[in-house]
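Working notes, structure below.
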C-alpha cells in the first residue's frame with residue numbers, strides 16, 4: 001500500500017496566503033508520497049515534464065502548467081522517466097480559501113458559501129493557453145509577499161480573491177476531477193468546524209457525530225473517506241497546531257500550553273506533540289525563536305495507509 005501524507009500548513013490570519021518560491025523549490029521531484037493539505041494548493045511549473053497523480057488520475061504537466069488542488073485532495077508530482085533524478089522548478093501558493101472569500105464577499109455571505117462549496121470540488125490542471133491570466137496573478141501575489149511594500153497584505157488578499165474566482169469561473173471542460181459529493185463534503189466541513197471551535201474541550205466521537213446528525217460509525221467512515229485520517233487524529237493535529245502557535249508567540253509554561261489546547265494530562269500532550277512534529281515542545285519553541293520567519297511554514301505530517 002502507498003502512503004498518504006497529511007501536510008498541515010499554518011497560514012496567518014493576517015495574510016491568508018503563503019508562498020513557496022525561489023531557488024529552494026528548484027529540486028528533484030517525485031521522491032515524496034501521495035500527500036494532501038489543510039488548505040488550497042495552487043502550483044506553477046517553470047520547467048519540467050511529468051504527471052500530477054491526483055486520486056486515481058494522472059494529468060500531464062510541463063513548463064507553464066498551473067494546478068489548482070483543493071484541501072484534503074491526495075496528489076503528488078511524478079516526473080517523466082527521462083526526467084527522474086533531474087531538477088524541476090515549481091512555485092506554490094497555499095491559500096486559506098474561506099478567509100479570502102469571506103473578505104471578498106463581506107456583504108454577501110450567501111455568495112461566499114456557494115463559491116466555497118463549488119471550489120472545494122474542483123481540481124484543475126491548466127495548459128499554457130488557459131493558464132496565462134492565473135499565472136500572472138500568481139506571480140503578482142508572490143512578488144507582493146516577497147517585497148512587502150506598503151499595504152501589501154490588502155493587495156495580496158485582493159489578488160488572491162481574483163485568482164480563486166478565476167478558477168471558480170472555469171467551465172466543466174477545464175475541470176479534471178470532481179471531489180466527493182457535496183453531501184459528504186458538508187458533513188466533513190461540519191466536523192472540522194466543530195473541532196476547530198471546541199478543540200480545547202474534552203470532546204470525542206459522540207460529539208463529532210452529534211455535530212453533523214449522524215451515527216458515530218457513519219460519521220467516522222465519511223470523515224476518513226474525505227480526509228483520509230480519523231476525526232480523532234484530526235483533533236490531535238488541530239490541538240498540536242494551536243500549541244505550536246502558543247509556543248511561538250507566548251512566554252508560558254508547557255503545562256499551560258497543554259491545558260489550553262485540550263490536554264489536561266501533560267504526558268499525553270508531550271507524546272502527541274512529538275508523534276506529530278517529531279520533536280519536543282521545548283525543542284520546537286527553540287527553533288521558532290531562532291527562526292521566527294519560518295514558523296508559518298512549519299509543516300506537520302501524519303502518515304496513513306493509502
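The values are calculated or read from the model by the stated rules, or taken from the named source; none is laboratory data. Computed from a predicted structure; not experimentally measured. Cβ coordinates were reconstructed from backbone atoms using ideal geometry, including for glycine residues, and neighbour counts include every protein chain displayed.
Within segment 8-20, is even one residue farther than 21 Å from residue 160 by Cβ and in contact with a helix residue (DSSP H, G or I) (Cβ under 8 Å, 6 or more places away or on another chain)? Give the derivation first.
Within segment 8-20, the subset farther than 21 Å from residue 160 by Cβ is none.
For segment 8-20, residues farther than 21 Å from residue 160 by Cβ and in contact with a helix residue (DSSP H, G or I) (Cβ under 8 Å, 6 or more places away or on another chain): absent.
Every residue, every condition in (1) surrounded by 14 or more Cβ atoms within 10 Å (Cβ to Cβ); (2) without any contact (Cβ under 8 Å) to a residue 60 or more places away in the chain, yes or no:
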residue: 74; (1), (2): yes, no
residue: 87; (1), (2): no, no
residue: 93; (1), (2): yes, no
residue: 99; (1), (2): yes, no
residue: 105; (1), (2): yes, yes
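Based on what the data block shows, is residue 277 closer than 20 Å to residue 38 by Cα, surrounded by 15 or more Cβ atoms within 10 Å (Cβ to Cβ) and without any contact (Cβ under 8 Å) to a residue 12 or more places away in the chain? Working first, answer last.
Numbers: closer than 20 Å to residue 38 by Cα: yes; surrounded by 15 or more Cβ atoms within 10 Å (Cβ to Cβ): yes; without any contact (Cβ under 8 Å) to a residue 12 or more places away in the chain: no.
No: the conditions fail for residue 277.
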Query - Tally, over segment 206-261, of residues that are farther than 24 Å from residue 121 by Cα and either crowded, with 20+ Cβ neighbours inside 10 Å or touching a strand residue (DSSP E or B) at 6+ places or on another chain (Cβ under 6 Å) (or both) - result: 10
Query raised in the report: Mind checking which residues of segment 47-59 are free of Cβ contacts under 8 Å to residues at least 24 places away in the same chain and in a strand (DSSP E or B)?
Result: 58
**Report entry** So residue 248, is it in a helix (DSSP H, G or I), touching a helix residue (DSSP H, G or I) at 6+ places or on another chain (Cβ under 8 Å) and modelled with pLDDT under 85
**Finding:** yes
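Considering only segment 251-306, how many residues are in a loop (DSSP other than H, G, I, E, B) and either at pLDDT 80 or above or closer than 18 Å to residue 238 by Cβ (or both)? Write out each step before concluding.
Let us first name the residues in segment 251-306 that are in a loop (DSSP other than H, G, I, E, B), namely 251-253, 261-265, 278-280, 291, 298, 306.
Retained after the next criterion (residues that are either at pLDDT 80 or above or closer than 18 Å to residue 238 by Cβ (or both)): 251-253, 261-265, 278-280, 298.
Counting residues in segment 251-306 that are in a loop (DSSP other than H, G, I, E, B) and either at pLDDT 80 or above or closer than 18 Å to residue 238 by Cβ (or both) gives 12.
Residues are listed down the side, and each one gets a yes or a no for (1) farther than 20 Å from residue 35 by Cβ; (2) free of Cβ contacts under 8 Å to residues at least 40 places away in the same chain; (3) touching a helix residue (DSSP H, G or I) at 6+ places or on another chain (Cβ under 7 Å):
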position: 191; (1), (2), (3): yes, no, yes
position: 197; (1), (2), (3): yes, yes, no
position: 202; (1), (2), (3): yes, no, no
position: 219; (1), (2), (3): yes, yes, yes
position: 222; (1), (2), (3): yes, yes, yes
position: 231; (1), (2), (3): no, no, yes
position: 240; (1), (2), (3): no, no, yes
position: 243; (1), (2), (3): yes, yes, yes
Query raised in the report: Inside segment 47-58, can you point out the residues that are modelled with pLDDT of 85 or more and crowded, with 17+ Cβ neighbours inside 10 Å?
Result: 48, 50, 51, 52, 53
